[in-house]
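Reviewing the structure listed below.
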Amino acid sequence: ISASQLYLRRDRLGLLVYFLTFCALVWQLIQRGIILGRDLVIDSTTVSAFSHKDMEAAWSYAKKFGYKIHMVICRDSLLPLMFLVTPANRNDAPWAVPLLALVQWLFHLPVRVVRADAAYFTKRVVAFILFVLNAQPIIDFNPRRAGKKFLVTLGWVRWWRKQRGKRGYIERFFALLKRYYGLNDFQVMGLAKVWRHTCLLYTSPS
């Protein structure tokens, strides 16, 4: 069929078909033992909007106009487990619990550790990891929250450096998606279409 007909049929499918396809592929990878789901990392990245006329995009705090992709990956396999797409001005912390809840509800993984940066250091996120997932939260803590008189110990610095390297896996994953797989290369406008682009990217081999 022609490209125009292909695009029309793609649009008629709706977003749910693509999202369920992504979830089905994740389930297959879990069943085959590729995704273990014991060590999770959560973070977000901002992608630029195709046009400044996009009414559903927004400016991030880093002065970037577009959307934000919130994602959980399995650190052992370096593969995505779940993601959400929002305008770029949304904070990270409120989306952590919905992401982790979707992972737990859909896949029932034996989560042992959840890693995140300081943006996720909230009581709600920590409590969900501890009491719902029964896992260990390893979340960066910003010493400035305790005031200027807070003294950072050498033990804390050593722990922070060690754990930061493990958490950095998701940042490298985002960089690979943008450089080699076209995460930021889309010519569509609107939240639903950016969702679809992300789903197609995560479910395609190239």
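The values are calculated or read from the model by the stated rules, or taken from the named source; none is laboratory data. This one's a predicted model, so the numbers in the text were calculated from it and none came from an experiment. With ideal geometry, Cβ positions are generated from the backbone for all residues, glycine too; neighbour counts draw on all protein chains shown. Side chains are part of the model used for accessible areas, which takes the heavy atoms of the whole protein and leaves out ligands, DNA and RNA. Shrake-Rupley method; radii C 1.70, N 1.55, O 1.52, S 1.80 Å.
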In the stretch 1-65 the accessible area split gives carbon plus sulfur, as whole percent at 1.4 Å, a share of 60
Solvent-free Debye scattering, log10 I(q)/I(0), computed from the Cα coordinates of the chain at q = 0.10, 0.14, 0.15 Å⁻¹: -0.47, -0.89, -1.01
Averaged per residue, what accessible area in Å² does the chain show with a 1.4 Å probe, protein chains only? 58
Contour minus Cα-Cα distance for SER4 and GLN31 (0.36 nm per residue): 6.0 nm
If I model a spin label as a point 7 Å beyond the Cα along the Cα-Cβ vector, how far apart are those points for PHE121 and GLU56 in nm? 3.5
Per DSSP H run of n ≥ 4, the term is -39500 (n - 2.57); total these for the chain, divide by its residue number, and report the mean residue ellipticity at 222 nm rounded to 500 deg cm²/dmol. -12500 deg cm²/dmol
